[in-house]
Amino acid sequence: MELIIKLIFCHLMGDYVLQIDYIAHSKGNNWYHLFVHCGLYTLPFYVAFGLSWHLAVIFAVHFIVDVLKARYKKINYLTDQVFHYLTSLVYLV
């Protein structure tokens, strides 16, 4: 249960606390801002769990999902969040 709480905390910190409004609004039009957001999103996972292959998965999937949502409008907010939470479960492996 403690691991699940950590994963939720990491997701909330990375996707909301560390994302300023400017990045949130510009990441759909600016690849650099999207890349920065994904790096900042991955940061709490690094702090909580250290350096591992899981970080690459977290970063890559977050990047792909956010491209689909912010840039191409192919998925909605709920689907975006479900993918992010499911991806964080990679730490259970």
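Taking the Cα centre of segment 2-92 as reference, the dipole from Cβ charges on Lys and Arg (+1) and Asp and Glu (-1) amounts to some 260 debye.
Amide H contacts for I20 (H built 1.01 Å from N in the peptide plane; partners 5 or more residues away or on another chain; cut-off under 5 Å): none found.
Spin-label model, L43/L89: points 7 Å from Cα along the beta carbon direction are separated by 2.8 nm.
Please report, ordered by residue number, every helix of the chain (full DSSP H runs) that is 18 Å or longer along its axis going by C-alpha atoms and whose mean Kyte-Doolittle hydropathy reaches 1.0.
Details: long enough: 31-49 (27 Å, 0.98); 53-66 (20 Å, 1.70).
For the chain, where a helix must reach 18 Å along its axis and average at least 1.0, the hits are 53-66.
Taking each residue as 0.36 nm, the span from V17 to L78 lengthens on full extension beyond its C-alpha to C-alpha distance by 20.1 nm. Projecting the Cα positions of G14, W31, V90 onto the charge dipole of the chain (unit charges on Cβ atoms of Lys, Arg, Asp and Glu, taken about the Cα centre) puts W31 furthest along the positive direction.
Applying 0.36 nm per residue to the separation of W31 and A56 and subtracting their alpha-carbon distance, the gain on full extension is 7.2 nm.
Length available on full extension from M1 to R71: 0.36 nm per residue minus the Cα-Cα distance, which gives 21.7 nm. Overall shape: prolate for the chain, with the ratio a/c of the largest to smallest alpha carbon gyration tensor axis at 1.5 or above and a/b above b/c. A straight Cα-to-Cα reach below 19 Å connects K27 with the aspartates and glutamates D15, D66, D80, residues fewer than 8 places away in its own chain not being considered.
No value in this document is a laboratory result; all are computed from the given coordinates. Predicted, not measured: the structure shown is a model, and the values here were computed from it. FYI the Cβ positions are ideal-geometry reconstructions off the backbone, even for glycines, and counts take in every protein chain you see.
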